[in-house]
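The values are calculated or read from the model by the stated rules, or taken from the named source; none is laboratory data. If you're wondering where the values come from, they're calculated on a predicted model, not measured in any experiment. Note that we place each Cβ from the backbone using ideal geometry, even for glycine, and neighbour counts take in every protein chain shown. Only protein heavy atoms, including side chains, enter the accessible area calculation; ligands, DNA and RNA are left aside. Shrake-Rupley method; radii C 1.70, N 1.55, O 1.52, S 1.80 Å.
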Amino acid sequence: MLKVENIHKAFGNNEILKGVNIEVAQGDVVVILGPSGSGKTTLLRCIEFLEQADRGKIIVGDLQVDVTAAKKKDIHMIRQRVAFVFQNYNLFSNKTVLENITEGLVIGRKMSKSDANELAFAALAKVGLTDKQAAYPSELSGGQQQRVGIARAVALSPDIILFDEPTSALDPELVGEVLSVMKNIAKEGTTMLVVTHEMSFAREVANHIIFMDQGVVVEEGTPDELFVHPKQQRTKQFLQRVLPDDFIFNI
Amino acid sequence: MASTFDVNFLGEAFRVAMLGVPVTLGITLITLLLSVPISFYFATLRLKKIPVVSQVIAVYVSFVRGTPILIQIFIIYNSVPILLKMLFETYQIKFDIYAIHPIWYAFIIFTFSTTALLVEVFRSALSTVDKGQLEAANAVGLTNFQAYRRIIIPQMLGAAMPNMTTNIINLIKATSLGYALSLPEITLNVKVAANAGYNYIEAYVVIFFVYLAICSLVEYALKKYERHLLRFKLV
């Protein structure tokens with residue numbers, strides 16, 4: 001479904017991604033873990049072409065794009081299939097909740113307004129915010145804004161949704177509502193690639209974990225393999241730092 | 001002749017003032033239509049820090065800010081015909097430079113100065129809109145042009161409105177300098193009418209109130225527009 005081959009990305013002399021390969025199958029929920037600065041976010045941004053990678057290939061279904069030769073049309077095609085949920089929500093401040101969701105459908109995809117509204121209402125129902133459709137983002141809590149961000153991605157009916165630390169900007173008491181929405185759409189079979197620091201989400205929802213450090217994939221496997229029997233020293237050290245002491249034994 | 005305040009002249013002064021209103025508002029409107037898009041484009045160039053171009057714009061802005069508009073009028077009004085004449089003579093084009101209506105010079109001069117002032121207004125307003133929204137718009141399939149038109153510019157305009165209003169009001173008042181171009185705008189019309197009977201005090205009082213009325217109305221309308229643009233912020 002999604003395949004990323006040998007992605008390289010440097011900002012100036014600072015090499016962030018040093019040849020990353022990952023694969024996500026249909027229906028997978030893949031979580032990328034790693035210390036800050038390991039290149040997780042940059043990887044997601046390169047897939048969505050919010051950053052242009054220096055080298056590598058991005059393959060979504062039958063669509064294959066060499067990043068160095070990517071044209072506007074290729075990028076547009078990738079974005080039709082790959083949706084993005086941002087750390088800071090990035091809702092359009094001057095649009096209502098409903099308009100935030102329909103904007104990409106009506107303007108980006110030339111869908112009729114009534115069709116777009118129908119998709120938007122279905123997406124809003126999924127995130128439990130039907131009653132907020134006429135509100136502006138400034139009237140919502142952070143958790144609600146992020147749920148709208150998720151609805152905006154879901155309504156595009158993408159092949160895969162990328163989540164870039166979706167709960168990192170939230171107050172702790174608001175994290176739960178966003179995670180439960182993510183759990184629900186995962187259960188429905190949505191293919192997801194998630195960068196997060198929420199270990200419980202990774203443990204419970206993901207079926208595949210990728211551990212990245214210093215611009216490369218260090219280790220990957222099922223949550224059991226990674227959390228209970230990590231092979232690499234770097235993975236062990238990272239997990240020791242981020243997991244509560246009793247986490248592994250409580251599984 | 002009339003050393004006392006001549007109330008009868010007020011009516012006549014008001015009548016000729018009204019004849020000048022379309023000229024005043026016309027210059028203002030054309031100037032804004034030209035300078036708003038140009039200065040917005042310049043502001044984006046400044047923000048992208050494009051070498052040379054960005055510096056040239058910065059110098060232009062300082063130049064306009066640092067010189068009185070009356071002097072800009074004199075320089076452009078006197079030098080442009082000479083330059084054009086030289087140009088036409090070299091290429092042997094038959095064209096009477098002095099037949100150009102002064103209103104064209106007004107468009108050029110006021111666009112030249114207003115553009116410079118609005119560059120800075122738009123530059124600061126643009127930097128208030130979070131770049132993440134542009135990325136989000138791209139991610140849902142909007143082109144940069146669509147994203148600017150539908151997401152970025154409406155928010156940018158909201159942030160720019162208070163300063164825009166000040167500049168538009170200043171522009172309306174600055175058109176009174178059109179008398180230096182012999183333009184039949186409010187100020188010149190009334191002054192000419194005052195010449196006959198030396199009714200200058202009456203004339204200035206009328207001019208004063210006509211500008212006050214126009215500027216108040218414009219300010220009120222722009223305030224309403226600002227509130228409309230920023231409706232998403234009024235929780």
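Tabulated data for the structure shown
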| item | result |
| --- | --- |
| Fraction of accessible area attributable to carbon and sulfur, chain B (%, probe 1.4 Å) | 69 |
| Reach of B:LYS49 by Cα under 15 Å, taken over aspartates and glutamates that are not fewer than 8 positions away in the same chain | B:GLU120 |
| Global form of the protein assembly as shown, assessed from the alpha-carbon gyration tensor, a/c cut-off 1.5 | prolate |
| Percent antiparallel among DSSP beta bridges (both partners in chain A, rounded to 5) | 60 |
| Candidate lysines - alpha carbon under 30 Å from B:LYS85, same-chain residues fewer than 8 apart omitted | B:LYS94 |
| Range in chain B, longest, excluding exposed trypsin sites (Lys or Arg not before Pro) [loop by DSSP; at most 15 other beta-carbon atoms within 10 Å] | B:95-235 |
| Rounded tilt (10° steps) of A:72-81 against the dominant C-alpha axis of chain A | 90 |
| A:SER114 - accessible surface, heavy atoms, 1.4 Å probe, Å² rounded to 10 | 80 |
| Hull-based mean projected area of the range A:102-231, where the convex hull spans the alpha carbons, in square nanometres | 9.3 |
| Rounded FRET efficiency, nearest 0.05, which uses the C-beta distance separating A:GLN26 from A:ASP131 and R0 of 30 Å | 0.35 |
| Semi-axis lengths (Å, descending) of the ellipsoid that matches the C-alpha gyration tensor of the range A:2-242 | 29, 22, 15 |
| Kirkwood Rh, angstrom, the range B:7-232 [1 / mean 1/r, Cα pairs] | 19.9 |
| Reachable lysines from B:LYS173, criterion Cα separation under 26 angstrom, eight or more residues apart if same chain | B:LYS191, B:LYS223, B:LYS224 |
| 1.4 Å probe accessible area per residue over the range B:109-204, in Å² | 36 |
| Value at 222 nm in deg cm²/dmol, rounded to 500, when DSSP H runs of n ≥ 4 in chain A each add -39,500 (n - 2.57) | -10500 deg cm²/dmol |
| Computed over chain B: relative contact order in percent, which uses C-alpha pairs under 8 Å that are six or more apart | 36 |
| Rounded accessible area of A:SER180 (nearest 10 Å², 1.4 Å probe) | 50 |
| Gyration tensor (alpha-carbon) shape descriptor, the range A:93-151, a/c threshold 1.5 | prolate |
| 10 °C / 1.306 mPa s Stokes-Einstein diffusion coefficient of the range A:1-144, Kirkwood radius on C-alpha pairs, µm²/s | 93 |
| Where a label projected 7 Å from the Cα of A:ILE59 along Cα→Cβ would reach, residues of the range A:23-45 with amide N under 11 Å | A:23-24 |
| Solvent-accessible heavy-atom area per residue, rounded to whole Å², over chain A at 1.4 Å | 43 |
| Highest-MSF residue in chain A out of A:ALA25, A:ALA202, A:ALA120 [GNM, Cα springs under 10 Å] | A:ALA25 |
| Per DSSP, loop chymotrypsin sites (Phe, Trp or Tyr not before Pro) in the range B:10-93 with at most 14 further Cβ within 10 Å | B:TYR91 |
| 0 to 90° range, to nearest 10: angle between helix B:186-197 axis and chain B longest Cα axis | 10 |
| Solvent-accessible area buried by pairing B with A, both sides, nearest 100 square angstrom, 1.4 angstrom probe | 2000 |
| For chain A, built as a Gaussian network whose Cα springs stay under 10 Å, the top-fluctuating residue of A:GLY34, A:GLY56, A:GLY189 | A:GLY189 |
| Estimated 222 nm signal from helices in chain B, with DSSP H stretches of n ≥ 4 weighted -39500 (n - 2.57), rounded to 500 | -26000 deg cm²/dmol |
